[in-house]
1. Can you pull the semi-axes for the chain, root of five times each eigenvalue of the Cα gyration tensor, sorted largest first, whole Å?
2. P(r) for segment 298-452, please, calculated from all Cα pair distances in 5 Å bins and given in %.
3. Between 0 and 90 degrees, rounded to the nearest ten: what's the tilt of helix 268-279 against the longest Cα principal axis of the chain?
4. Of Leu82, Leu21, which has the most accessible area and how do the rest follow, probe 1.4 Å?
5. Can you tell me the alpha carbon radius of gyration of segment 194-261 divided by the globular rule-of-thumb value 2.2 N^0.38 Å?
6. For segment 4-129, what class follows from the C-alpha gyration tensor (a ≥ b ≥ c being the square roots of its eigenvalues): rounded when a/c is under 1.5, otherwise prolate if a/b is larger than b/c, else oblate?
7. Roughly what percent of Cα-Cα pairs across segment 23-89 reach past 15 Å?
8. In whole Hz, what ³J(HN,Hα) sequence does segment 46-56 give by Karplus (6.51, -1.76, 1.60; θ = phi - 60°), x for Gly and Pro?
Amino acid sequence: MPNIKLTSFGATQEVTGSCHLLNIGGFRLLVDCGMFQGDRDNYKKNWEELPFDPKDIDAVILTHAHLDHCGRLPKLYARKYLGKVYATPPTIKLSRIVLEDSFYIMNEKAMKLHLPKLYSLTDVRKVFVSWEPVDYYKKVELSPDVSFKLHNAGHILGSSIVEIKAGDKTIVFSGDIGGEHMPLVKDIDYISKADYVISEGTYGNRLHEHFDNRNEKLLEAVKRVTSNNSTLLITIFALERTQDILKVLNDYYEKHLDFSVPAFLDSPMAWNATKIYKESLNYLNEEAQESLKTDRDIFKFPHLSITNNVRQSKNINSVSPPKIILAGSGMAEGGRMLHHFSRYLGDAKNHVLFMGFQVPGTLGHKILNGSFDFNYYGRSIKIEAAVDQIDGFSAHADKAALLKWIGHFKQPNKVLLSHGDKDVLEDLATSVREKFNFDTEIIKYNTNITLN
Ligand SMILES: [Zn+2]
């Protein structure tokens, strides 16, 4: 039987930069190659040389299209990786949008940090011609000893759990695990047989609010704009959360035809991603499929405008309240929302809604935690608007959902935890040991783990 060794080069005791290398008797299989994100020091890690030679990699599997999982793929090609990247068809389409957007953002970051370009547009295109689409549950043979299957991770459209057969061993990578009862994607697949489980643990120490409350809270804010004659700003993440929110708003507007408050989706990237949701309807859950029988477009409703260019974005300002603006970025680290903040944060009537967890250090986190002023290109704006957060639309499983998924395995040799901050993973590891009595280890950066 082949010797199997796991070495991780990212998402080790942190939440970004997912990159796991399996060496199966000399066959080198990489699962994800994501970008490091967060503060300046973390971003700089993307410029460090990869601690392995991409030329030696035999195959890459991508679990899903989030940047912290796919962002360093072009760098692999810049360093002469010549093989394929296996992923589901929606992951391939969404990654294209994410990688194109990231190319320009990374160039700006490089200039600011006085660093060379991370990779060229040619390297990004090399990724685009190397995709190998794989549907869920289809077995792919990579070598006489190595095969894999993708299962639904219920996290974002097309997201996968990877089940790898290496000789007589089964190794399961969770990728990112979805929240429960997501508005659009199907609920996660549970797997019972594995020798080794590599699980994410992003929210391994906390519970999300109940999914019933998230829609109610969003719609309350939506309805409040009419009584206040105000503007509601909703910060969005382009993948999944935008489409989830559009679906909830769609259902409300379609049912309340007298509700005519103009809504603006001010994010071309989010709209491009939404088009891919529309092309991938068989990946959506039963409820969404059911809605499609009566509503041809579950993301577009009366009074919703899509802005495609800067001029249209600026024109939103001339529309009198009440109005609703959805724009990125999700943690207010950039994007068109900053311009809207400058216009609307100073008025106590208005309302900002952050749609999910805000990483410490981001502007979103500062505003949510009582920052008094907003600095807009040197101009200080006093924050008077109400600020709120809805965390129930998170595409990530909370602690209860993670334990439910891990607990489904029948006595694995070991559970290995990644993709979570150190204290969060320690909390999750303790619960996994106490609840299921599984041997559990937290993965450390560039440290070999034998899986035999
Ligand atoms: Zn993710």
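1. With the √(5λ) rule applied to the chain, the semi-axes are 37, 24, 21 Å.
2. 2, 7, 13, 15, 13, 11, 8, 9, 8, 7, 5, 2, 0, 0
3. In the chain, helix 268-279 runs at an angle near 60 degrees to the longest axis.
4. Details: Leu82 160, Leu21 20 Å².
Descending accessible area places them as Leu82, Leu21.
5. On the way: Rg = 16.8 Å, N = 68, 2.2 N^0.38 = 10.9 Å.
This ratio for segment 194-261 stands at 1.54.
6. Because a/c hits 1.5 or more and a/b exceeds b/c, segment 4-129 counts as prolate.
7. On the way: 1159 of 2211 pairs.
Counting pairs separated by more than 15 Å, the tail of P(r) holds 52 percent.
8. Couplings: 5, 8, 5, 4, 5, x, 9, 9, x, 4, 7 Hz.
The values are calculated or read from the model by the stated rules, or taken from the named source; none is laboratory data. In this text, all values refer to a predicted model and were calculated from it rather than measured experimentally. We place every Cβ from the backbone using ideal geometry, glycine too, and count neighbours over all the protein chains shown. What goes into the accessible areas is simple: the full protein's heavy atoms, side chains included, and nothing from ligands, DNA or RNA. Shrake-Rupley method; radii C 1.70, N 1.55, O 1.52, S 1.80 Å.
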